[in-house]
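S.K.: Right, I'll just put the structure down here and ask away after.
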Amino acid sequence: MEIPRDVIDGLRSSPKRLPCRLLWDPRGAELFARICNVADYYLTRHELALLREHAAAIAAAAGPRARVIEPGCGLALKTRILLDALDAPASYVPIDVEAEQLALATADLRVHYPELEIEPVCADYMRTLELPAPRRAVDRGLVFFPGSTIGNFELAEAEAFLARFAHHAGERGLLVLGADSNSDPQALVRAYDDREGVTAEFDRNVLVHVNRAYGTTFDPDAFAHRAVWDAAHSRIEMQLVAMRDQRVRVADRELVVEDGEPIVTEHCYKYPVAVIEAQLARAGWRVRTVFPDPRGWMRLWLCERAG
């Protein structure tokens, strides 16, 4: 298979980069599910507590016959809390780039919610999408985007994404956005470089994926995972650091990776509250309610279409 231009350009840039979407193959999805249960990774634990506490308030705002649209649904574990709280939801549209995981989530949800219309879309939600037309009457669209995944986008990308899904939600649409604004370097580095080593395995798997998909010749065992807090940009940077000089075949060229050189695999922004609010406003959303965790790290943002 031809190597995508963003992969080639990223590996030729300085510092070298790989698109974070390459973290998501079946093995990556499995490893991330394990990360969510790691003691050091507080994000899932805190957000689940917020969802359980505030699902009724979100459901009251949504009203009956909501259409839930979830980009990056994964195994849709958090979604069940929302679906259980909603009043007769009309349909659920899970969107994910990982086809195997999407099929598993869809099959499982159809067992647990036999009356719910489920319309899976296997696609990259960062691209323009056409969603299937609902077969049942829908009173309101509700975009569900938990997990602080919004922090994986650069600022302009995040705003473009939020604007696209404002369109998908419709005129009376709502958004439930999970976002992490933690700026404690110690807690963040532990969360993204856990002591159990699961995140390191998840990060190195990107090289396994790119080798399999595009015929590159990376040696994943020759790279160490590192998480770095970049205070100037309010982000954690995930890196794979070469442990020796290497020559890697990429398409028809040889790539030199020097000992100690990093390949950036993901940025995880921890945007301050004011930045998130401004992002939402520029993308066409008005904040209705914010539900913070006790430490003020994780927040659920309940928003409505502006104008």
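The values are calculated or read from the model by the stated rules, or taken from the named source; none is laboratory data. A quick note: this is a predicted structure, and the numbers were derived from the prediction, not measured. Using ideal geometry, Cβ is built from the backbone for each residue, glycine included, and neighbour counts are taken over all protein chains shown. Protein only, heavy atoms only, side chains kept; ligands, DNA and RNA dropped before computing areas. Shrake-Rupley method; radii C 1.70, N 1.55, O 1.52, S 1.80 Å.
S.K.: Can you give me the Cα centroid spacing of segment 123-153 and segment 96-117 in angstrom?
M.R.: 15
S.K.: In whole angstrom, how far apart do the alpha carbon centroids of segment 1-63 and segment 215-281 sit?
M.R.: Value for the Cα centre distance between the two parts: 15 Å.
S.K.: In what sequence, largest accessible area first, do Leu255, Leu177 appear using a 1.4 Å probe?
M.R.: My answer, sorted largest first, is Leu255, Leu177.
S.K.: How big is the C-alpha Rg of segment 116-213 next to the rule-of-thumb value 2.2 N^0.38 Å, as a ratio?
M.R.: 1.39
S.K.: Rg/Rh for the chain: what does it come to with C-alpha atoms and Rh from Kirkwood?
M.R.: Checking Rg against Rh, the ratio lands at 0.97.
S.K.: Is there a quick way to get the dipole size of segment 29-84? I mean about its Cα centre, with the Cβ of Lys and Arg at +1 and of Asp and Glu at -1; what is the value in debye to the nearest 20?
M.R.: Dipole size: approximately 180 debye.
S.K.: Evaluate the relative contact order of the chain (contact order divided by residue number), counting alpha-carbon pairs under 8 angstrom at least 6 apart; express in whole percent.
M.R.: Answer for the chain is 21 percent.
S.K.: First select every other residue whose beta carbon is under 15 angstrom from the beta carbon of Ile3; then total the charges, Lys and Arg +1, Asp and Glu -1.
M.R.: Once all neighbours under 15 Å are counted, the net charge is +3.
S.K.: Take the Cα pairs of segment 1-106, get the Kirkwood Rh, then feed it into Stokes-Einstein at 37 °C and 0.692 mPa s and tell me D in µm²/s.
M.R.: Estimated diffusion coefficient is 203 µm²/s.
S.K.: Using unit Cβ charges (K, R positive; D, E negative) and no other charged atoms, how large, in debye to the nearest 20, is the dipole of the chain about its Cα centre?
M.R.: Roughly 740 debye for the chain.
S.K.: Residues of segment 274-292 with backbone nitrogen within less than 18 Å of a virtual label 7 Å along the Cα-to-Cβ line of Leu155, please, listed as ranges.
M.R.: Those under the cut-off are 274-285.
S.K.: Taking just the C-alpha trace of segment 173-307, give me its Rg and Dmax in Å.
M.R.: My reading of the Cα-based Rg and Dmax gives 19.0, 56 Å.
S.K.: Given +1 on the Cβ of Lys and Arg, -1 on the Cβ of Asp and Glu, and no further charges, what dipole in debye does segment 63-216 carry about its Cα centre, rounded to the nearest 20?
M.R.: That gives a dipole near 400 debye.
S.K.: Could you please report the charge total around Ala222, scoring K, R as +1 and D, E as -1 over all other residues with beta-carbon less than 13 angstrom from its beta-carbon?
M.R.: Spelling it out: positives minus negatives among the neighbours equals -3.
S.K.: Taking only Cα atoms of segment 165-244, what ratio of Rg to Rh do you get with Rh as the Kirkwood inverse-distance radius?
M.R.: Rg divided by Rh gives 1.14.
S.K.: Please report, as a whole percent, how much of the solvent-accessible surface of the chain comes from carbon and sulfur atoms (probe radius 1.4 Å).
M.R.: 51
S.K.: Within segment 96-196, report the trypsin sites (Lys or Arg not before Pro) that DSSP leaves as loop and that have at most 10 other Cβ atoms within 10 Å.
M.R.: Sites meeting the loop and neighbour criteria: Arg127, Arg135, Arg195.
S.K.: Using +1 at the Cβ of each Lys and Arg and -1 at the Cβ of each Asp and Glu in the chain, identify which of Ala156, Met243, His167 lies farthest towards the dipole's positive end.
M.R.: His167
S.K.: Please state, as a whole number in µm²/s, the translational diffusion coefficient that the Stokes-Einstein equation yields for segment 55-153 at 4 °C and 1.567 mPa s, with Rh defined as the Kirkwood radius across alpha carbon pairs.
M.R.: Stokes-Einstein gives a translational diffusion coefficient of 95 µm²/s.
S.K.: Which is farthest toward the positive dipole end of segment 9-116 among Trp24, Ala66, Leu77, measuring Cα position about the Cα centre, with Cβ charges +1 (Lys, Arg) and -1 (Asp, Glu)?
M.R.: Ranked along the dipole, the leading option is Trp24.
S.K.: Kindly provide the helix-only [θ] at 222 nm of the chain, computed as the sum of -39,500 (n - 2.57) over DSSP H runs of four or more divided by all residues, to the nearest 500 deg cm²/dmol?
M.R.: -11500 deg cm²/dmol
S.K.: Also: Select from Tyr271, Tyr214, Tyr192 the residue whose mean-square fluctuation is largest in a Gaussian network model of the chain (Cα-Cα springs shorter than 10 Å).
M.R.: Tyr214
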